[in-house]
Amino acid sequence: MSSLKKTSSSLTEKAGISSPEITNVSAINQIKNKRRQQPSAHELISGILSGNRTSLSRAITLIESTNPEHAEKANEIINGCLAQANKSIRIGITGVPGVGKSTFIESFGTFLTNLGKKVAVLAVDPSSSISHGSILGDKTRMEELVKDENAFIRPSASGETLGGVARKTRESIILCEAAGFDTIIIETVGVGQSETAVHSMVDFFLLLKISGAGDELQGIKRGIMEMADSIVINKADGDNVKKANQAKLEFNKALHLFPLKSSNWQPKVTTCSAITKEGISEIWNTISDYFEMTKQSGFFQEKRNEQNQFWMMETINEQLKQNFYNQSEIISLLEQNKKAVQNDEISPFAAASELLKFYFDKGTK
Ligand SMILES: Nc1nc2c(ncn2[C@@H]2O[C@H](COP(=O)(O)OP(=O)(O)OP(=O)(O)O)[C@@H](O)[C@H]2O)c(=O)[nH]1
Ligand SMILES: [Mg+2]
């Protein structure tokens, strides 16, 4: 400053009082201490196995982290928990926005904890990068369940690809099971491809609907109908009861047109009100019947085995892709080749094989 010529311009700045450092030494030390205090993988495993919710939350945060060090620690924790997992039932719940998923999970979840069950609620919702997961956004809709000692509610990992979010949810399921949660509910919004991802990680898939203006089946994706083990017409209260019963008949008719599922289970259609709680216990009866039947027939275990195989392949595919696309040389070469393809200077196939050759050659060096 001293080299600047002093002028009387209105732009001249007076020598001010130097502002304090933004970060002070004690704050830095506190942060360092906190980092040091991060529990080890071993500590988190024993915390989870003894049902400690803070340990469970912390471990899920590690699973959700994009830091490779965290990923390593998360894997260690998952491996340590795996032997204790699997003693649960996993229920997927899907439905369009506003159908009443959160309200339903509040009623259904509370019903289950009243039966003495321990309920964990997770979400697959890759679209909610800003709101930090649909569950967190409307935790107010789950007022009772949030306070429930026997419930654990966790919003979905945010700002990710569907594959990434789904894998993380799958891993979180294992930790919840190891922590003693015997009923896992996975919520997803019925738009996009997330239903397929959720279907591949649950034992029972429930589709929530509301009665519409008459043509109930319009706009509903055939694939989702095929996946559903049960369709529940929600908001069957007040003036809606009659319409809901009509919708139930229509869905029942439609479902009978589908070929029998490989589980031999005939999907059921019921009505309920998530607000008055009418019909909730019947839904639980249906779900219990399903588990009794599929556990007896061996389908339950068969499906889980298939899902495990699927998830192994998915994890490999996802991580290969991530490894490829995250390399800085690939990022710039990809940009160049995209332009070259656009300008017809190179065929898309030649461009792809050039990129892959570069990647593979680099890996073998
Ligand atoms: N009358 C009536 N209203 C309901 C019922 N269930 C939910 N609602 C209402 O429907 C609205 C949407 O409910 P949510 O539970 O937030 O629906 P959601 O499917 O979780 O919605 P998104 O999180 O946006 O996907 C709220 O105003 C609820 O109070 C029900 O059984 N009967
Ligand atoms: Mg919701």
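A few notes on this one:
- Percent RCO, i.e. relative contact order, over region 85-312, from Cα pairs under 8 Å lying at least 6 residues apart: 23 percent
- Exposure proxy ranking, count of Cβ atoms within 10 Å, fewest first, for Glu106, Glu335: Glu335, Glu106
- Label-to-label distance, Lys253 versus Ile316, with points set 7 angstrom from Cα along the beta-carbon direction: 4.8 nm.
- In order along region 320-336, the Karplus-derived 3J(HN,Hα) couplings, from 6.51 cos²θ - 1.76 cosθ + 1.60 at θ = phi - 60°, round to 4, 4, 4, 4, 5, 6, 8, 7, 4, 5, 5, 4, 6, 5, 5, 4, 4 Hz, and Gly and Pro are given as x.
- In summary, the aspartates and glutamates within cross-link reach of Lys277, defined as a Cα separation below 12 angstrom excluding same-chain residues under 8 places away, comprise Glu106, Asp237.
- Built amide H within the under 5 Å cut-off of Ala123, gap 5+: Ser156, Glu187
- For region 45-117 versus region 215-287, the gap between their alpha-carbon centres in whole angstrom: 27 Å
- The order of Thr315, Thr113, going from fewest to most other C-beta atoms within 10 Å of their C-beta, is Thr315, Thr113.
- Prolate/oblate/rounded label for region 85-312 (Cα gyration tensor, a/c 1.5): rounded
- Rounded FRET efficiency, nearest 0.05, which uses the C-beta distance separating Ser353 from Met293 and R0 of 45 Å: 0.35
- Cut-off under 5 Å, modelled amide H: who pairs with Met201 long-range: none
- Whichever aspartates and glutamates have a C-alpha closer than 15 Å to that of Lys339, once near sequence neighbours (fewer than 8 apart) are set aside: Glu354
- Above-threshold pairs, the threshold being 31 Å between Cα atoms, out of Lys101/Lys338; Lys268/Lys321; Lys73/Lys338; Lys117/Lys253; Lys168/Lys221; Lys295/Lys321: Lys101/Lys338; Lys268/Lys321; Lys73/Lys338; Lys117/Lys253; Lys295/Lys321
- Inter-label distance for Thr61 and Ser46, nm, one decimal - labels placed 7 Å from Cα along Cα-to-Cβ: 2.1 nm
- Among Arg167, Arg53, Arg58, sorting on how many other beta-carbon atoms sit within 10 Å of each Cβ, with the fewest leading, yields Arg53, Arg58, Arg167.
- Excluding same-chain neighbours fewer than eight residues apart, the aspartates and glutamates reachable from Lys243 by a Cα-Cα span under 17 Å are Asp215, Glu216, Glu278.
- Local electrostatic count, Glu335, Cβ distance below 15 Å [Lys/Arg +1, Asp/Glu -1]: -1
Just so you know, all these numbers are worked out from the coordinates, no wet-lab data involved. The shown structure was predicted, so the numbers you read here are calculated from the model rather than taken from an experiment. Note that we place each Cβ from the backbone using ideal geometry, even for glycine, and neighbour counts take in every protein chain shown.
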